[in-house]
Amino acid sequence: MLTYPDIDPVLVALGPLQVHWYGLMYLIAFASAWWLGRLRAARPGSGWKPEAVDDMLFWGALGVVLGGRVGYVLFYDFSRFLDDPLILLAVWQGGMSFHGGFLGVLVAMWFFARRQKMGFFQMMDFVAPLVPIGLGAGRMGNFINGELWGAPSDLPWAMRVPCREFVELCTYKLQLPPGTEFTPPLHPNQLYEAALEGVALFLLLWLFSARPRPVMAVSALFLLGYGLFRFAIEFVRIPDAHLGYLAFDWVTMGQILSLPMIIGGIILFALAYRKKGAV
């Protein structure tokens, strides 16, 4: 049995200026996407210029931040949004959604593809392998912040979490009695997601895209891979307290939002390889 380490979410404090670990994870995400994009652009026949990668990153970052915030509010806090639409601007309260950020990136890349006179899926096939490292970094940020814990578990790597530091987790999500010092051992769900959505998905996409593929195939693998990983991990994730399980005492919002990705990935694979002999 492990105990969650006491990690200060503030990495560096210089007077009133504070640099948070979570902010550093965003920096790692964007920096890794830029570096990997430059590597892909340097491949023979990529059709990309290095400066185009710089512009793509700007549009992508805009889509991640705006889409992630709007998606969180609409998907996970909609009732509160109806009462107070200005919570969209309350970014200091936290709350970002991968699925919202994903939709934001799709919109941003659609605009950028038009500017570059490039097909949308040609663009997305280039972008998809650049994303998972940032996803993994974001999940490590969730772990440092003590967010998104999994359900109770008796596995040897499950972690007890101090209730004095994470009152919402103990009081609302786990509904533990007042005065409880530690949670029961919990799945470190954030680390599972970092390993699967970050490392494993990156390796799949990077190796798969190393050879010429039909248009849409790389995008299809991203949708299918992320959707399956996220859907599976949600089985051991504690749902948001104000949402709970949406059906059958096990279906979560994350699973509902991931299901279209799985279906979309299957459809795109079928379309990409519809012609015999496609490589």
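Every number here is computed from the coordinates shown, using simple stated rules; none is lab data. It should be emphasised that the depicted structure is a prediction, and the values quoted were computed from it without experimental measurement. Reconstructed Cβ throughout: ideal geometry from the backbone, glycine too, with neighbour counts over all protein chains shown.
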List the residues, sorted by chain then number, that are 5 or more residues from THR252 or on another chain and whose placed amide H is less than 5 Å from its amide H. LEU246
For segment 2-199, what is Rg from Cα atoms divided by 2.2 N^0.38 Å, rounded to two decimals? 1.18
State the answer as a single residue: which of ALA217, LEU66, HIS99 lies farthest towards the positive end of the charge dipole of the chain, with beta carbon charges of +1 for Lys and Arg and -1 for Asp and Glu, about the Cα centre. ALA217
Quick one: 3J(HN,Hα) in Hz for segment 153-170, Karplus 6.51/-1.76/1.60 with θ = phi - 60°, rounded, Gly and Pro as x. 8, 9, 5, x, 9, 5, 10, 7, 10, x, 5, 5, 8, 10, 5, 4, 4, 6
Show the residues, 5+ positions off or on another chain, whose built amide H is closer than 5 Å to the amide H of ARG237. ALA151
Ranked by GNM mean-square fluctuation in the chain (Cα springs under 10 Å), the top entry among TRP21, TRP157, TRP34 is TRP157
To the nearest 20 debye, what is the magnitude of the charge dipole of segment 154-196 about its Cα centre, counting +1 on the Cβ of each Lys and Arg and -1 on the Cβ of each Asp and Glu? 60 debye
What list of whole percents do you get for P(r) of segment 155-279, with Cα-Cα distances grouped in 10 Å bins up to the one holding the largest distance? 12, 31, 28, 16, 9, 3, 0
I want the antiparallel fraction of DSSP beta bridges within segment 2-199, as a percent rounded to 5. 80 percent
Among TRP48, THR180, PHE81, pick out the residue whose Cα is farthest towards the positive end of the charge dipole of segment 2-199, where Lys and Arg carry +1 and Asp and Glu carry -1 on C-beta, about the Cα centre. TRP48
With angles folded into 0 to 90 degrees, how steeply does helix 21-41 sit against the dominant principal axis of the chain? Use alpha carbons for both and round to 10. 10 degrees
Within segment 2-199: Cβ-based charge dipole about Cα centre, in debye rounded to nearest 20 (Lys, Arg +1; Asp, Glu -1): 800 debye
Listed residues ALA210, ALA194, ALA113; largest mean-square fluctuation, Gaussian network over the chain with Cα springs below 10 Å, found at ALA210
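Between ILE7 and ASP154, what is 0.36 nm times their sequence separation minus the Cα-Cα distance? Round to one decimal in nm.
Between ILE7 and ASP154, full extension yields an extra 50.6 nm.
So how much slack lies between VAL107 and LEU17, counting 0.36 nm per residue of separation and subtracting their Cα-Cα distance, in nm? Provide the component values of the computation, followed by the final result.
Details: separation 90, 0.36 × 90 = 32.40 nm, distance 3.31 nm.
Residue separation times 0.36 nm, minus the Cα-Cα distance, leaves 29.1 nm.
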When a/c is below 1.5 the answer is rounded, else prolate if a/b is larger than b/c, else oblate, so apply that to segment 89-177 with a ≥ b ≥ c taken from the square roots of the Cα gyration tensor eigenvalues. prolate
Which residue, HIS20, HIS99, HIS187, has the most motion in a Gaussian network model of the chain that connects Cα atoms within less than 10 Å? HIS20
If you average the alpha carbon positions of segment 33-102 and of segment 120-143, how far apart do those two centres end up, in angstrom? 10 Å
Nearest-0.05 FRET efficiency for ALA195 and LEU24 at R0 = 22 Å, using Cβ-Cβ distance, is 0.70
Which far-off residues, 5 or more places away or on another chain, put their amide H under 5 Å from the one on HIS20, with H placed in the peptide plane? LEU11
For segment 1-43, what number results from the quotient of the Cα radius of gyration and 2.2 N^0.38 Å? 1.74
